[in-house]
Amino acid sequence: MSEYAQPQVLVSTKWVEEHKGDANVRIVEVDVDTKAYEEGHVPGAIAWSWQTQLCDTVQRDILPKAGFERLLGSSGIENGTTVVLYGDNNNWFAAWAFWQLKIYGHGDVRLMNGGRKKWIEEERELTRDAPRAAPKTYRAKDPDLSIRSFLPEVRKAVAGRAVELVDVRSPQEFTGEILAPPGLPETCQRGGHIPGAKSITWSKACNEDGTFKSRDELARLYREAGITGSKPVIAYCRIGERSSHSWFVLKYLLGFKDVRNYDGSWTEWGNLVGAPVEKP
Amino acid sequence: MKPEEYSRRQQQVGRWAINIVSYRLGDRYYCTVDNVEPGARIARGEGATREEAERSAIEKATARLAKTRVVS
């Protein structure tokens, strides 16, 4: 079985158990909100809320550089810290945080394979104690936008068929049968998908326990859907968190050179006046 | 403390499949419900018994799922 392209970005629950007390390791639980964290979390972990801490809360965007520096510094993270991320929803929001840390150039960031789900399934220790992090000074790099797609670039690429576009939402969202995942609020005016996109649901990259499939299985999954990496690849979903997960797979586990996350995703495209929409 | 009595099962609510996960943590039971496809958590419940935690989470999930429109 082939090793992942960059295996160092993935750690097991066992590794976290063994290293959670290391001085240079900071474990962060990332969820859409922090309720799961409050219920019980990996000992030593701090919490980041996607809604209030990892996004600009005024305009729709990732954190600005200064805000990112404040978040990491106040979390006790320095530029040389090993940051280990995990969360619920199979690490969707942890993957978003990973992507954002890479945009701002953090060197050593890793995902806990299987996330919160696997940790709990294995009945590992949880605590409600929230550690106090001694504030540090953090200096972010200028944003690396080579891993992020914006609307004008996506429109141009779609028109010229210059990219491989991956829609990682559920099949029913892809076809436009539903406008949001069941049980979640609708956030767009139209259903369907961006013309030319291939449907490869994020979950196909995972095993039942939430861990990632092997490199060979992942390569076959994307290859059979026509995603080879011969062109730049853009992944999207509804709000950019599921596609962060697939972006991680394509870039770090499979080693595709040019992979971008279109975080505007369907909430942007599906609300645009006059944007082309494909419905099978 | 460690999560104990972990349980996971799948159930149908109307046309939607849900995963129901529950476990005990200390003297409380916790339950989360996610939509199987795509796998997003849609409700959470807590109680002194597993039944209470699951009932609370499933009720909330059922109400939220009922609002999902199928448009074609």
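Quick notes on this one:
- Qualifying trypsin sites (Lys or Arg not before Pro) for chain B [loop in DSSP, other Cβ within 10 Å: at most 13]: B:ARG15, B:LYS67, B:ARG69
- Equivalent ellipsoid semi-axes - Cα gyration tensor, chain B, angstrom: 25, 11, 8
- 20 Å Cα-Cα threshold exceeded, pairs from A:LYS35/A:LYS102; A:LYS118/A:LYS213; A:LYS213/A:LYS251; A:LYS213/A:LYS279; A:LYS117/A:LYS257; A:LYS35/B:LYS2: A:LYS35/A:LYS102; A:LYS213/A:LYS279; A:LYS117/A:LYS257
- Two-decimal log10 I(q)/I(0) for the protein assembly as shown, as the Debye equation yields it once each C-alpha is a single scatterer, q = 0.07, 0.09, 0.10 Å⁻¹: -0.28, -0.48, -0.59
- Qualifying GluC sites (Glu not before Pro) in region A:177-216, DSSP loop, other Cβ atoms within 10 Å at most 14: A:GLU208
- Of the GluC sites (Glu not before Pro) in region A:1-63, the ones in a loop by DSSP (not H, G, I, E or B) with at most 16 other beta carbons within 10 Å are A:GLU3.
- Where labels lie 7 Å past Cα in the beta-carbon direction, separation of A:ARG155 and A:GLN51 in nm: 3.2
- Accessible surface of A:ARG148, taken over heavy atoms with a 1.4 Å probe and every protein chain present, rounds to 20 Å².
- For A:ARG260, the residues 5 or more places off, or on other chains, whose built amide H falls under 5 Å of its own are A:VAL233, A:ILE234, A:ALA235.
- On association of chains A and B, roughly 2800 Å² of accessible area becomes buried (total for both chains; probe 1.4 Å).
- Average accessible area per residue (Å²) across region A:7-143 - probe 1.4 Å, nucleic acids and ligands excluded: 40
- The mean of 1/r over all distinct Cα pairs in region A:48-198, once inverted, gives the Kirkwood hydrodynamic radius of 18.0 Å.
- Accessible-area composition of the protein assembly as shown, carbon plus sulfur, in percent [1.4 Å probe]: 48
- Taking every alpha-carbon pair under 8 Å whose residues sit at least 6 apart, chain A reaches a relative contact order of 21 percent.
The values are calculated or read from the model by the stated rules, or taken from the named source; none is laboratory data. These numbers come from a predicted model, not from an experiment. So basically every Cβ, Gly included, is an ideal-geometry build from the backbone, and we count neighbours across all protein chains shown. Surface areas here come from the heavy atoms of the whole protein model, side chains and all, with no ligands, DNA or RNA. Shrake-Rupley method; radii C 1.70, N 1.55, O 1.52, S 1.80 Å.
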